[in-house]
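I have placed the structure first, in the form of structure tokens, so that the comments after it can refer back to it.
The numbers here are math on the coordinates, done by the rules we state, and not lab data. Just so it is clear, the model here is predicted, and its values are computed rather than measured. Cβ placement follows ideal geometry from the backbone for every residue including glycine, while neighbour counts extend to all protein chains displayed.
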Amino acid sequence: MNYMPKSFFYDEPVPNELIPKMIITGGYTSVYTEEAPLVPIVGDWKKRYCTLAESFTPILDRVHNFEVRESDVWILTSTKCGTTWAQEMTWLILNDFDFEKAKEVDLTLRSPFLEFNGVVPNVEHDTMKHAEEMDSPRLIKSHLPIPLLPKQLWTKKPKIIYVFRNPKDAAISYFHHWRGMVGYKGTKEEFMHAYMDGYVNFNPFWPHVLDFWHLREKQNIYFTSYERMKFDLRAVVSDVCQFLNKKISFDEMEKLVDHLSFDKMKVNPACNHEKEFQSIKQAAGVEVEEFSRFVRRGVVGSHKDELPHEVIEEFDEWTDDNLKDFNLTVDEIISYHKY
Ligand code: A3P
């Protein structure tokens, strides 16, 4: 059976007026999948479009057929939900707390962003090839939703860590990312509406989250949140150690929590995506506002002083609409813990 996403429809395109403001290297497309992935949840997969820049189209087959290893660990998230933070934490747990190597080698090399060559085409560094050539255990990052991820994820069943974040904070973080890294020229309000409407790369947000929420109890899945990492990083570190069958001493825990603190990560060049930043800047071909650090503000509730009141209300309504069928609240998702 062929599980390729084989249909590329254009019937839910990003509105024309938004495209010049959002552009990296071309237009946008909504990618649908026609056949259900081998994932043990029921979904109307035909409705699961994902907005991606057209530059992703040539790599989607390769991503979908990417060879997964049972020993892999995957960090899967919607954008700006604490991916980098979770990658750095997990890499150190997986690699015997090798802080020296973590500081020396850029995180994007230690833990590749699988579909990065779709985000920025024509970059020499081939992230999928890099991942293919890595020794096990590999730590791989992706923002793709379930239907577009490598199909072997659901047969090889590697360990998956999913990090959720309140979408109001994730959206404001994404806005800064697009302004600073890609040269987005629209207004904040326009961006927020595009985010809620699912018109930015890797969105819509809620189906992305809810698919993994429904899988959270599976043995190979660890579901957590940015907020839980902020409130109790030690608890998340302990959980991840348990999830990955790793031991951690008191001293290692202290050192790790310090290394992962916002202040330390903000000034850690290995964790600020500087190479990716340069590639994106070149590909965008536009002057972009200086985006000094990927690790930007790092607070829970950043939307409160960065979003107008009316937009916050719209976000809340949009969230209620998306969660009501599941009798679920954002707080429940944030506070969920597996162990
Ligand atoms: P803000 O833009 O709200 O500051 P991702 O890695 O998924 O793109 O997520 C980026 C977000 O995680 C940014 O949020 C960034 O500042 C935050 N982040 C990264 N490292 C962090 C840390 N050590 N502590 C708290 N937040 C962190």
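Be a star and scan region 53-72 for residues whose amide nitrogen sits under 17 Å from the point 7 Å along the Cα-to-Cβ vector of residue 244.
Residues 69-72 qualify, since their backbone N sits under 17 Å from the label point.
Using 0.36 nm per residue, how much length does the chain from residue 109 to residue 278 gain when fully extended, once their Cα-Cα distance is taken away?
59.3 nm
Taking 7 Å along the Cα-to-C-beta vector as the label spot, tell me the residue 101-residue 133 distance in nanometres, rounded to one decimal.
Inter-label distance under the simple model: 1.7 nm.
Loop-only GluC sites (Glu not before Pro) in region 173-259, please: DSSP not H, G, I, E or B, and at most 10 other Cβ atoms within 10 Å.
217
If neighbour count is taken as other Cβ atoms inside 10 Å, put 248, 161, 333 in order from fewest to most.
By the 10 Å Cβ count, ascending: 248, 333, 161.
Given region 9-335, what whole percent of its Cα pairs are spread farther than 35 Å?
Roughly 14 percent, rounded to a whole number.
Mind checking region 204-275 for trypsin sites (Lys or Arg not before Pro) that DSSP puts in a loop (not H, G, I, E or B) and that have at most 13 other Cβ atoms within 10 Å?
247
With label points built 7 Å along Cα→Cβ from the Cα atoms of residue 155 and residue 69, find their separation and express it in nm.
Modelled inter-label distance: 1.9 nm.
How high is the FRET efficiency between residue 41 and residue 331 when r is their beta carbon distance and R₀ equals 22 Å, given to the nearest 0.05?
So the FRET efficiency works out to roughly 0.45.
So how do 313-324, 51-62 stack up, highest first, on mean other-Cβ count within 10 Å?
51-62, 313-324
If the limit is 32 Å between Cα atoms, which of 281/304; 168/246; 151/275; 255/324 go over it?
Checking Cα-Cα distances, 168/246; 255/324 exceed 32 Å.
Going through region 97-174, which GluC sites (Glu not before Pro) have at most 16 other Cβ atoms within 10 Å and a DSSP loop state?
Those that pass, being in a loop and sparsely packed, are 124, 133.
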